[in-house]
Amino acid sequence: MKVLVTGGMGYIGSHTCVRLIESGIEPIIIDNLSNAKVEVLSRIEALTGQQPLFYQGDVRDEVFLDSVFANHNIQAVIHFAGLKAVGESVAKPLEYYDNNVNGSFVLARCMRKAGVKSLVFSSSATVYGDPDTVPITEASPTGATTNPYGRSKYMVEQGLSDLFFAEGDWSITLLRYFNPVGAHPSGTMGEDPQGIPNNLMPFIAQVAIGRREYLSVFGHDYPTPDGTGVRDYIHVMDLAEGHIAALKTVGEQSGLHIYNLGTGKGSSVLDMVEAFSAACGQPVRYELCPRRPGDIAECWASTAKAERELGWQATRSVAEMTADTWHWQSKNPQGYSPE
Ligand code: NAD
Ligand code: UD1
């Protein structure tokens, strides 16, 4: 089976490609390298013995996409490509709507022309906004998003749902990721953010390796056990396996399939600092700071639907998430860039 993987050179896409190859599925990657390095290809090869086919190009380029579909017998698409920095999305809304929303719809149009009607889309728990209750189920309200990035994910979900209701022979799977962290356990692949990391784990990792002085803990007066924000961190390898499970089960059934991909467990910022300190064998320096605007107190997933329907559940602990992140960071202090 051949699967087109848009954004397959990025953090989640690259780990998913490793698991695809290991499952006997052939990934064909397209990526414009706006947030990835070509070095990822040789890392995938080092882990799997196979270098996936890669085309550098943009999902908004219809002629380019048409040619990729024309040249390969593609059966399904996993669509990771997009921009993902919340703060940047506030400053550059047009770029975010163009990349994420327009890009997704150009892709769907090209899929329809090529007769490929199985699509797995990278959505986010951000579509739930600030939840009234936790754990969050797939039936929880969506749409009260607080920034252009979140709205772009919600818009794509809406557009793809409309597409399915108009053309019922599609299999459309919306995977709502909670907080992906961790790295391949070999330390060969991991997250390589450009500039100052926005997210917690890569920031902690850079403090531990000495690239940053200390972590600012955003808020310590939330109504949570230790006052810091609580999230559902999920190991990127578990997330990768969730995509394989989705492809193999619902990917071949027409329908609009929606799943949370999380662990069902919440951890606070200070829990993550403690776990990382244990993993790297030294205390991670931090300072308690005011809340970050737009943040929510707590958020974790109900995983029952994915367990029941996909036969998938996350198995890796927070200790493995931090150990694998540290392994990657210490083997690759500057990420994929040469020192
Ligand atoms: P990433 O930035 O590492 O990967 C995205 C990849 O897409 C990059 O390699 C980038 O070069 C490529 N890309 C961007 N725009 C493109 C375009 N127009 N055409 C072709 N390629 C393009 O991000 P990631 O963390 O791997 O996230 C993958 C997907 O999952 C994204 O859609 C993101 O919004 C979503 N998601 C991520 C998280 C997270 O915390 N990492 C959480 C929820 C959802
Ligand atoms: C953020 C995004 C969300 C996106 C998700 C996964 C915001 C407002 N939301 O969510 O849209 O889907 O990432 O990519 O950015 N923290 C610190 N110090 C830091 C960084 C983070 O204390 O330097 C805290 C945050 O306040 C939060 C927790 O760590 O409590 C996790 O933060 P982060 O990794 O940015 O993820 P989210 O806020 O869940």
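The values are calculated or read from the model by the stated rules, or taken from the named source; none is laboratory data. Keep in mind the model is a prediction, meaning the values are calculated, not measured. Because the Cβ atoms are built from the backbone with ideal geometry, glycine has one as well, and the counts that use them run over all protein chains shown.
On the stretch given as the stretch 245-271, residues that are under 24 Å from His220 (Cβ atoms) and over 19 Å from the mean Cα position of the chain (by Cα) total 4. Looking only at residues that are in a helix (DSSP H, G or I) and within 26 Å of Met272 (Cβ to Cβ) in the stretch 215-244, which one is farthest from ligand 1 (Cβ to nearest atom)? Among those that are in a helix (DSSP H, G or I) and within 26 Å of Met272 (Cβ to Cβ), it is Glu241. When Ile74, Ile44 are screened for being in a loop (DSSP other than H, G, I, E, B), touching a residue at least 60 places away in the same chain (Cβ under 8 Å) and within 22 Å of Gly251 (Cβ to Cβ), only Ile74 passes.
Residues in the stretch 271-312 that are in contact (Cβ under 8 Å) with a residue 60 or more places away in the chain, more than 14 Å from ligand 2 (Cβ to nearest atom), not hydroxyl-bearing (Ser, Thr, Tyr) and not in a helix (DSSP H, G or I): Gln282, Gly311, Trp312. Taking each residue of the stretch 194-212 that is over 14 Å from Gln282 (Cβ atoms) and looking for partners that are near ligand 1 (Cβ under 10 Å from one of its atoms) and not charged (D, E, K, R) with beta-carbon atoms closer than 6 Å, six or more apart or interchain, yields Asn198/Ala85; Met201/Val181; Pro202/Pro193. Screening Ile29 on (1) without any contact (Cβ under 8 Å) to a residue 40 or more places away in the chain; (2) over 17 Å from the mean Cα position of the chain (by Cα) shows it passes everything except condition (2).
Being assigned to a helix (DSSP H, G or I), β-branched (Val, Ile, Thr) and either at pLDDT 95 or above or more than 16 Å from Pro197 (Cα to Cα) (or both) is a property that holds for Thr325.
Does the stretch 66-125 hold any residues that are more than 10 Å from ligand 1 (Cβ to nearest atom), touching a strand residue (DSSP E or B) at 6+ places or on another chain (Cβ under 8 Å) and not hydrophobic (A, V, I, L, M, F, W, C), and which are they? If the condition is that a residue be more than 10 Å from ligand 1 (Cβ to nearest atom), touching a strand residue (DSSP E or B) at 6+ places or on another chain (Cβ under 8 Å) and not hydrophobic (A, V, I, L, M, F, W, C), then His72, Asn73, Gln75, Lys117, Ser118 are the ones that fit. Being at pLDDT below 95 and closer than 21 Å to Ser118 by Cα holds for only one residue in Glu309, Glu252, and it is Glu252.
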